[in-house]
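Please treat every number below as a calculation from the coordinates, not as lab data. Since we're looking at a predicted model, the values are computed, not measured. Note: ideal-geometry Cβ built from the backbone for every residue, glycine included; neighbour counts use all protein chains shown.
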Ligand SMILES: [Zn+2]
C-alpha cells in the first residue's frame with residue numbers, strides 16, 4: 001500500500017534533481033503544446049473541432065498534450081500535489097475569476113467547491129490516483145439512483161494515498177456515463193467515464209472535487225492545490241487580508257506576466273469558504289491560481305485608495321505563497337498552518 005508518509009527523502013531528492021535538470025534545460029526546451037490559451041471571460045467554451053480530445057483514451061492523438069508532473073510531487077515540504085489531472089487537454093485554460101473554486105455560482109447561488117474543466121462531450125475522464133470506487137451513478141447528493149441529483153452521473157473514489165493520515169477522495173460529476181462500479185479498484189490515469197451534461201450544468205464540462213476526511217467530517221479542498229501542475233508551470237496561492245490579518249473576501253487583484261504581458265484577474269474566496277472550513281488545513285489560503293508559466297510577474301491591487309504593486313517569481317512545480325497585508329502591501333509569506341514534514345522522512 002502506497003502512502004504519502006512513505007514518500008521518502010530519497011524519492012524527494014530524485015524529484016528535486018529531475019526538476020532542477022528540467023529547470024536548467026528549460027531555456028532550450030520547447031514546451032510541447034499549442035500556445036493558444038483561452039481568454040479570460042470565456043467559461044467552458046468548446047474546444048475547437050480541429051483539436052478535439054482523443055475520445056478513445058488510448059493516446060493516439062494527432063496533437064500535443066499538455067504534459068504534467070507525475071504525482072506525488074512535493075518540491076518543498078509546503079506542497080502536497082498528490083493527484084493527477086483527470087482530463088487530458090491540448091492547451092491550458094484559466095476559468096474566469098467568478099467561476100473558480102470558492103466563489104458563489106450566480107446561476108445557482110451555491111458555493112462552488114470544485115474545479116470546472118471544460119471538455120467536449122464524450123471526452124475520457126481518468127482517475128486522479130489509485131483507489132477504490134465508493135460511488136458510481138446518479139444520486140451522490142440526493143441518494144443513490146435519484147436522477148434529479150444536481151451532480152448528475154457521478155463517480156467518487158477513495159484514494160489509497162492519504163494526507164497526514166486523512167483519507168483523500170476525488171469526485172467526478174456531470175458525466176455522460178460511468179465505466180466503473182462501486183467496489184472497483186482503479187489505477188491512476190484509468191479511464192473511468194466520459195464528460196457529459198447530466199445534472200445542473202450549463203454546458204459539457206467536468207466538475208471535479210477533492211475532499212479530505214478529518215475527525216469532523218469530509219471537507220472540500222481547492223483541487224488546484226492537489227493536482228500536479230503542467231511541466232514548467234507553478235501555482236500562486238496566499239492570503240489577502242487587511243493589516244490586522246482579517247481576510248478581504250471577494251477582493252479582486254491583477255497578476256501580469258512580465259514575459260508575455262498577459263493579465264489574470266484573481267478574486268479572493270467567498271466568506272463561506274472560511275466558515276465551512278473548505279480551504280486547505282495547511283495553506284489556509286483565500287485565493288489560488290494554478291497553471292501559471294514559470295517566470296516573473298507583477299501583482300497589483302487597489303486598497304484604501306492606494307495602488308500597491310510587487311514583483312514576484314512563479315517557480316515551477318510548486319506553490320508560490322504570496323500574501324497581501326493591507327497597508328503593508330504584498331509580502332512573500334509562509335502558510336500559517338503547522339508544517340508537517342513526516343512524509344519527507
Ligand atoms: Zn463546477
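Check whether at least one residue in region 214-222 is buried (at least 22 other Cβ atoms within 10 Å of the Cβ) and under 27 Å from residue 65 (Cβ atoms), and report yes or no.
Yes, that holds for at least one residue.
Show me the strands (runs of 3 or more DSSP E) found entirely inside region 103-215 where at least 1 residues are more than 13 Å from the ligand (Cβ to nearest atom) and free of Cβ contacts under 8 Å to residues at least 24 places away in the same chain.
Passing ranges, in order: 153-163.
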